[in-house]
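Heads up: the structure comes next, in structure tokens.
The values are calculated or read from the model by the stated rules, or taken from the named source; none is laboratory data. Note that this is a predicted model, so its numbers are computed, not measured. As a convention, Cβ positions derive from the backbone with ideal geometry for all residues, glycine included, and neighbour counts pool all protein chains shown. Surface areas here come from the heavy atoms of the whole protein model, side chains and all, with no ligands, DNA or RNA. Shrake-Rupley method; radii C 1.70, N 1.55, O 1.52, S 1.80 Å.
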Amino acid sequence: MKILDKYILRTFLFTFTSVFVILFLIFILQTIWLFIAELAGKDLDTIVILKFLIYKMPSVVPLVLPLSVLLASIMTFGDLAENYEFAAIKSSGISFNRAMRSSTLFILLLSVGAFFFANNVIPLAEYKFINFRKDIAQVKPAMAIAEGQFSDIGYYNIKVDKKTGENGNFLHGITIHKKINLYDGSKNVIKAKDGELVSSNDSNLLQMVLHDGYYYEDIIPKKYEDRSKLPFAKSSFKKYIINIDLSKLNGSAEGTAEITNTNTMLTVNELKYTIDSLQKIYYKDVKSFTENISQRNALNEKTAAAKARMKLYNYEPNLLAHQTIFEKKDIFTIANSSITNTNFSIEGSKYEMEAKTKDINSHWIALYDKFVIAFACLLMFFIGAPLGAIIRKGGLGLPIVFAVLIFIIFHFINTFGKKVAQENGISPFLGCWMSTMVLLPLALFLSYRATNDLGSFSFDGITIPLQTAFKKLFPGAKNV
């Protein structure tokens, strides 16, 4: 039995290592393509680029590892079944579950290692990655702004027509959009003829000095009906300085929104502490807002006299029955103003509370993701191993097709669930574990069939009609 365990484990480890290395290189190439606009043409040294990629590599592992386990298990056990080695093993009285024991123990250890990797290595790598991008921007500040397109840095959208100078620090044809209020959509627009980027290794700020330009500012009227006129103010300047926080640079690259959140840099214990603090702040803000709204009832003073008259004459509430015309007018005016102000306050607080809820949800998602990656390795193994034994196909043909289809389903459901959970459509727990809940019945079904030797799936009903139709269309290809 020890010889059999070593043989199956050695075969699985060789296949798993080969598949993992190949897939890891493919995903790293995808990462290079994702950041090519940020790295290309910046006069960066090879060592700097290698460090950039090394710090980004650990975040690729959660995608590569489950797919590698799935593909390696299908290929290994499919090859054993295709070469009738499983038939020889079963004829010796060894069950399918017993034959999987050595590889199952390896997957259990791999799952535990994946959790610790996600809990310790990935947060540290994310921290290093984000700060390394900031350090690059301090050394070469011009890389923060791409030429001929808008670059999103925090609350600024910056576009320059041309960059000159040794490090591209001198800018020409500058257009800047600065979003002042995230909720009402107001913006400031700054246009300048030229400018200069100034940075220091000792400072976390990137200074942009603008010359000869104009400053356009949206004005938000107090009256809602006046907003349709879109009023703005315009002023000119000879010199204008903008200070940009380099930490905002981490959200500047398109498609890298995931690295802008600090939750990816936290361990499980840190996430629990942060979530608890965020929830306490959220409940405190909700309670404070509720109390403020209830205390802002401006009608209390005006209606006090009316309530006294109602008690005096002992009849049912008709609040305006004994008010003069002027008192009614005052009450209606105050009521209308109170409703308008309350609605405006509620709308503003609504967006603020939604943003805080999304922040809390994103931390919950980061917490659950560390456990999902560990369970995903187990799940993919118990899908791939019995599936390979059932289809009895090894190599790189049919196993790749099954592995890619299953992983696409897993990845799509996982991504969709987390997006919906972050928007508070479903709970973060359900959003993160939805993909495993969907595929778990498949793993149980395949394991049951493989354990009880219920036979393979027949694809003859699909392949034979296709072959017949192909031969009728191309009679000369009968021997193909």
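As a summary of the residue check, Asp194 satisfies the conditions (1) at pLDDT 70 or above; (2) open to solvent by less than 50 Å² (accessible area, probe 1.4 Å); (3) of a type outside the set (A, V, I, L, M); (4) over 18 Å from Gln207 (Cβ atoms) except for the one numbered (4). Looking across the stretch 402-439 at every residue that is within 16 Å of the chain's Cα centre (by Cα) and of a type in the set (Gly, Ala, Ser), the one that is surrounded by the most Cβ atoms within 10 Å (Cβ to Cβ) is identified as Gly431. Scanning the stretch 282-300 for residues that are surrounded by fewer than 13 Cβ atoms within 10 Å (Cβ to Cβ) and either modelled with pLDDT of 80 or more or touching a strand residue (DSSP E or B) at 6+ places or on another chain (Cβ under 8 Å) (or both) turns up Tyr283, Lys284, Lys287, Ser288. Within the stretch 391-436, the set of residues being modelled with pLDDT under 85 and of a type in the set (Val, Ile, Thr) comprises Ile391, Ile400, Val401.
Of all residues in the stretch 341-353, one or more are of a type in the set (Asp, Glu) and modelled with pLDDT of 70 or more.
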